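Laboratory data are not the source of any read-out in this text; all were calculated from the coordinates shown. Note that the coordinates shown come from a computational prediction; the quantities given were computed from them, not determined experimentally. Methodologically, a virtual Cβ is constructed for each residue, glycine included, from the backbone with ideal geometry; neighbour enumeration extends over all protein chains shown.
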2 protein chains.
Amino acid sequence: MHARFYAPQAHATGDVVALPDDEAEHLTRVLRLSRGDQVVVFNGRGQAFEATVQRAGKGTAELLLGPACEAASEPRVAITLVQAVLKGDKMDDVVRDAVMIGVAAIQPVITTRSEVTHVSITRGKRRERWERIAVSSAKQCGRAVVPPILEPEPFDSIVALAEERQLPDPVLMLVEPQADANAVSLGELAGERPRDASLLIGPEGGWTAAEIATGVERWHLVTLGSRTIRGDAMALVSVAALFAKWNEY
Amino acid sequence: MHARFYAPQAHATGDVVALPDDEAEHLTRVLRLSRGDQVVVFNGRGQAFEATVQRAGKGTAELLLGPACEAASEPRVAITLVQAVLKGDKMDDVVRDAVMIGVAAIQPVITTRSEVTHVSITRGKRRERWERIAVSSAKQCGRAVVPPILEPEPFDSIVALAEERQLPDPVLMLVEPQADANAVSLGELAGERPRDASLLIGPEGGWTAAEIATGVERWHLVTLGSRTIRGDAMALVSVAALFAKWNEY
């Protein structure tokens with residue numbers, strides 16, 4: 001199988017595209033490919049092409065796009081993962097895993113119990129890091145789509161975005177079984193498979209009572225069994241369960 | 001919430017039990033608990049008790065068992081995870097995650113493409129390590145059951161165990177979508193929720209053609225979407241999907 005590279009400018013067969021710096025490094029220094037080698041290029045928006053290396057050297061690489069080729073198919077339901085930013089580097093793993101399993105977009109959210117601030121995320125260039133991880137995960141899992149990592153927002157802004165329909169509907173808020181009497185298990189959630197959906201997952205310390213009250217009024221509260229799932233595994237487990245429920249698997 | 005400890009001898013209210021060494025260390029040195037402190041004890045076979053520290057010191061701890069108490073409920077389908085041993089320490093993560101999500105037992109299997117041997121597993125005391133990880137994961141996820149880690153077996157022995165009905169039926173073998181024309185997606189698998197089931201997951205390099213041919217003759221071949229899932233995430237994703245399919249969630 002040919003190595004896969006991300007080239008956002010790739011549009012059509014016959015185009016010559018330059019790879020972004022990270023990708024050119026990967027091609028030239030890590031894989032040591034050179035003129036004439038065959039690779040696959042995807043543009044992050046769903047298109048993939050066979051491609052031939054035309055020039056490669058000193059961290060630059062130009063590729064000639066050949067015929068379009070197939071990539072891993074996208075899920076039939078486009079899930080926006082609204083994930084509370086976790087401690088330390090755990091969010092890195094969540095981004096990697098969420099892209100691998102097939103979410104459509106990732107909206108980081110800063111909740112009351114998130115142990116990070118918007119300032120620390122910006123100063124640490126965390127969003128740029130998550131974007132690089134999303135590209136890397138898309139390369140490995142065979143997708144031609146790189147899910148966007150949206151600007152991190154406080155919980156209140158997420159509420160406003162949902163009100164304005166800027167987050168896909170239905171909105172599912174994952175909670176502990178004992179959190180609220182209105183919560184139903186994920187399997188009991190009514191309705192057919194939607195075209196898209198939003199899935200809210202809280203931080204290690206959970207949602208506050210106020211955040212849950214906000215959710216009860218507006219969204220669907222769902223639970224996922226009685227074993228405690230680690231915060232950084234919650235996205236993978238719940239998206240897998242939703243995909244199974246909605247006949248993606 | 002009280003700290004949870006694993007005491008395999010815990011049987012009935014009123015008993016006084018000594019904790020195993022690791023657990024006593026955890027109680028005395030890490031959590032620094034002492035006489036009179038309240039904890040929870042589980043015996044790894046489904047029972048949990050409130051308990052009071054009676055003696056604690058120098059790496060030993062004795063607990064008086066109080067009334068039985070609830071633990072996280074066990075899944076309605078008991079899945080034996082038959083997992084190919086993965087490279088490096090990745091099997092540690094698989095054991096941790098599989099216990100967390102709720103498998104009933106873990107049967108390590110050495111396949112043609114596993115990059116380990118039975119001798120290296122034995123010499124490295126890997127099984128003992130996986131057993132400790134299973135206890136630790138059960139403590140964290142709230143289960144009162146510690147799934148057994150069975151003796152690692154070569155693929156041929158797994159076939160024999162299944163023939164002798166020493167592995168739960170149905171046996172599902174997870175394969176890549178293009179592996180075999182007989183493979184069906186997990187959602188298309190026929191039949192009601194079984195009481196138990198076996199789930200076979202291959203190594204990073206996948207099953208050989210001969211292993212798949214063996215599976216086609218005997219078992220159900222199932223697939224899980226078209227994105228490539230990392231070997232160490234496959235158990236978590238596929239068990240979550242099976243639980244959703246079988247109304248555990």
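Per residue and in cubic angstrom, what volume does the convex hull of the Cα atoms of chain B have?
133 Å³
What percentages, rounded to whole numbers, describe P(r) for the protein assembly as shown computed over all alpha carbon pairs with 10 Å bin width beginning at zero?
Going from the shortest bin to the longest, the percentages are 4, 17, 25, 26, 19, 7, 2, 0.
Calculated from DSSP H runs of 4 or more alone, at -39500 (n - 2.57) each and per residue, what is the 222 nm mean residue ellipticity of chain B, nearest 500?
-8500 deg cm²/dmol
Quick one: with label points 7 Å out along Cα→Cβ, list the inter-copy distances for residue B:9 in nm, shortest first?
Ordered by distance, the counterparts are at 7.3 nm.
Sort A:115, A:217 so that the residue with the fewest other Cβ atoms within 10 Å of its own Cβ comes first and the one with the most comes last.
A:217, A:115
Only bridges whose two residues both fall in the protein assembly as shown count here: according to DSSP, what percent of them are antiparallel, nearest 5?
Once the DSSP bridges in the protein assembly as shown are tallied, antiparallel ones form about 35 percent.
For the stretch A:4-68, how big is Rg over Rh, using alpha carbon atoms and the Kirkwood form of Rh?
With Rh from the inverse mean 1/r over Cα pairs, Rg/Rh is 0.92.
Each residue of the stretch B:16-28 in order: what ³J(HN,Hα) in whole Hz does its phi give by Karplus 6.51 cos²θ - 1.76 cosθ + 1.60, θ = phi - 60°, with x for Gly and Pro?
For the stretch B:16-28, the Karplus curve yields 10, 10, 8, 7, x, 3, 4, 5, 5, 4, 4, 5, 7 Hz.
Once you've got the GNM for chain B with C-alpha springs shorter than 10 Å, pick whichever of B:101, B:79, B:121 has the biggest mean-square fluctuation.
Among B:101, B:79, B:121, the largest GNM mean-square fluctuation belongs to B:121.
Enumerate the amide H contacts of residue B:153 below 5 Å, restricted to partners 5 or more residues apart or on another chain; note that Pro and chain-start residues carry no placed amide H.
Residues meeting the criterion, in which the H sits 1.01 Å from N, are B:109, B:110.
Which distances, in nm and shortest first, link the residue A:194 label point to the same label point in every other copy, taking 7 Å along Cα→Cβ?
Taking the point 7 Å beyond Cα along Cα→Cβ, the inter-copy spacings are 3.5 nm.
Can you give the net charge of the other residues whose Cβ lies under 15 Å from the Cβ of residue A:184, counting K and R as +1 and D and E as -1?
Cβ neighbours under 15 Å give a net charge of -3.
Once the label point is placed 7 Å from Cα along Cβ, list for residue A:205 the distances to the corresponding points in the other copies, in nm, shortest first.
List, nearest first: 4.8 nm.
Could you tell me the distance between the Cα centroids of the stretch A:180-249 and the stretch B:88-161, to the nearest Å?
After rounding, the separation between the Cα centres reads 29 Å.
In the stretch A:97-167, if every C-alpha pair distance is counted and binned at 5 Å from zero, what percent goes to each bin?
3, 16, 23, 20, 20, 13, 5, 0
Among the listed pairs B:87/B:125; A:139/B:139; A:125/B:90; A:58/A:139; A:90/A:139, give every one whose C-alpha distance is greater than 27 Å.
Flagged as over cut-off: A:139/B:139; A:125/B:90.
Given the options A:197, A:84, A:160, state which has the largest fluctuation in a GNM of chain A using a 10 Å cut-off (strictly under) for Cα springs.
A:160
Are there any GluC sites (Glu not before Pro) in the stretch B:163-193 that are in a DSSP loop and have at most 15 other Cβ atoms within 10 Å? List them by number.
The qualifying sites are B:164, B:192.
Could you derive backbone 3J(HN,Hα) for the stretch B:30-39 from the dihedral phi with the Karplus parameters 6.51, -1.76 and 1.60 (θ = phi - 60°), listing whole Hz in sequence and x where the residue is Gly or Pro?
Couplings: 7, 8, 6, 7, 8, 2, x, 5, 8, 9 Hz.
Given the options B:112, B:80, B:122, state which has the largest fluctuation in a GNM of chain B using a 10 Å cut-off (strictly under) for Cα springs.
Largest GNM mean-square fluctuation: B:122.
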